[in-house]
Amino acid sequence: QVQLEESGGGLVQPGGSLRLSCAASGRIFSIYTMAWYRQAPGKQRELVASITIGGSTNYADSVKGRFTISRDNTKNTADLQMNSLKPEDTAVYYCQATARVRLTTPTDSYWGQGTQVTVSS
């Protein structure tokens with residue numbers, strides 16, 4: 001009902017930057033929170049950053065001051081600007097949205113397929 005498509009991953013050297021984008025499509029009444037998670041090999045998926053419909057943001061301590069999340073409510077998109085990237089940022093990054101498809105239905109969680117970010121020299 002809600003599809004999320006990520007783009008922008010790739011290979012970057014330490015200290016470099018990448019910008020991830022997430023676009024939501026489908027039957028959408030409202031998207032309340034959009035977030036980026038990541039999962040490194042052998043590790044649990046973790047929250048990187050989130051942003052509410054009102055623009056309130058939350059960041060993992062490990063990315064504060066380096067990553068910035070933003071969203072465009074008119075386009076149902078969310079971006080993650082990643083600066084000063086470190087090898088430990090290497091992971092598959094997933095877009096997540098908490099959305100309602102109709103006014104009368106409860107909110108649900110939707111996930112994208114993920115995009116690989118590799119930070120290596």
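List of remarks:
- The Cβ shell under 12 Å around E46 holds other residues with a net charge of 0, Lys and Arg each +1, Asp and Glu each -1.
- Taken one residue at a time, the phi angles of the stretch 16-26 give Karplus couplings (6.51, -1.76, 1.60, θ = phi - 60°) of x, 10, 9, 10, 9, 10, 10, 10, 9, 9, x Hz. Gly and Pro are set to x.
- Summing charges over all other residues whose Cβ lies under 15 Å from the Cβ of S84, with Lys and Arg as +1 and Asp and Glu as -1, gives +1.
- Antiparallel bridges, percent of DSSP beta bridges restricted to the chain (to nearest 5): 95
- Residue-span extension gain [F29 to D61] - 0.36 nm each, minus C-alpha spacing: 8.3 nm
- For the pair R102 and K75, label points projected 7 Å from Cα toward Cβ lie 3.0 nm apart.
- Per residue, the convex hull spanned by the Cα atoms of the chain measures out at 94 cubic angstrom.
- Karplus 3J(HN,Hα) series, Hz, for the stretch 31-39 with 6.51 cos²θ - 1.76 cosθ + 1.60 (x for Gly, Pro): 10, 7, 10, 10, 8, 10, 10, 9, 9
- Among S62, M82, A99 the positive-end extreme of the charge dipole of the chain (Cβ point charges): A99
- Solvent-accessible area assigned to carbon and sulfur over the chain amounts to 46 percent, based on a 1.4 Å probe.
- Residue-wise HN-Hα coupling along the stretch 111-120, computed from phi with Karplus coefficients 6.51, -1.76, 1.60 (Hz; x: Gly, Pro): 10, x, 7, x, 9, 7, 10, 10, 10, 7
- Dipole magnitude (debye, nearest 20) for the chain, charges at Cβ of Lys, Arg, Asp, Glu: 160
- For G16, the shell of other residues with beta-carbons less than 12 Å away shows a net charge of +2, using +1 for Lys and Arg and -1 for Asp and Glu.
- Calculated accessible area for the chain comes out at 53 Å² per residue, all protein chains present (probe 1.4 Å; ligands, DNA, RNA ignored).
- Candidate lysines - alpha carbon under 24 Å from K86, same-chain residues fewer than 8 apart omitted: K43, K64
The values are calculated or read from the model by the stated rules, or taken from the named source; none is laboratory data. Note that this is a predicted model, so its numbers are computed, not measured. Cβ coordinates were reconstructed from backbone atoms using ideal geometry, including for glycine residues, and neighbour counts include every protein chain displayed. Only protein heavy atoms, including side chains, enter the accessible area calculation; ligands, DNA and RNA are left aside. Shrake-Rupley method; radii C 1.70, N 1.55, O 1.52, S 1.80 Å.
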